[in-house]
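No value in this document is a laboratory result; all are computed from the given coordinates. From a predicted model like this one, the values you see are computed outputs, not experimental measurements. So basically every Cβ, Gly included, is an ideal-geometry build from the backbone, and we count neighbours across all protein chains shown.
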Amino acid sequence: MKKLLVPIDFSEGTDKVIKAAGDLAEQLSASLILFHVVEPVATYVPVGASMDVLTATPPLEPVDIKDVESRLDKLADGPRQKGVSTQVSALIGLAVDDIIAKAENENAAYIVLGSHGHGALYHLFSGSVVTGVLRKAKCPVLIIPASAKSK
């Protein structure tokens, strides 16, 4: 059975992404994996007189992965009610790298991502998970635009 990896960030567009992924999974007789990555907070740590490093620290507030998976489980109700087999998974890590690793480990046929619709200037300074995934993915990536209309 084909698997669709659906990275979720719990933003406004999450429901659209899950609906689109669920519809596609129905058409392809595929299963879904709803996946969330809790990213660490980057901190600036001076080292020595002339050298600085950027380190990744755990999230500012403790994150219970079981709580995150519980939120994902609630989101999985929609596709499950339509008969789509849906798993959930969450971890603390780096979004792009962990999405790519999860897709490869699960042998995902597709990655289905939502786009927030930020402009070029935003991406210049902050980067984009979508852009990173597009560059590194070895399977097709489907992007659900923030402006997509729900049917």
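Could you calculate the FRET efficiency of Arg135 with Asp15 from 1/(1 + (r/R0)^6), where r is the beta carbon distance between them and R0 is 30 Å, rounded to 0.05? About 0.65, to the nearest 0.05. Annotation: amide H-H contacts under 5 Å for Ser31 (H modelled 1.01 Å from N, sequence separation of 5 or more, or interchain): Lys2, Lys3, Leu4.
Measuring against 20 Å, Cα to Cα, the residue pairs Lys16/Lys82; Lys82/Lys136; Lys2/Lys102; Lys2/Lys82; Lys66/Lys136; Lys16/Lys136 contain Lys82/Lys136; Lys66/Lys136; Lys16/Lys136 as the ones spanning a longer distance.
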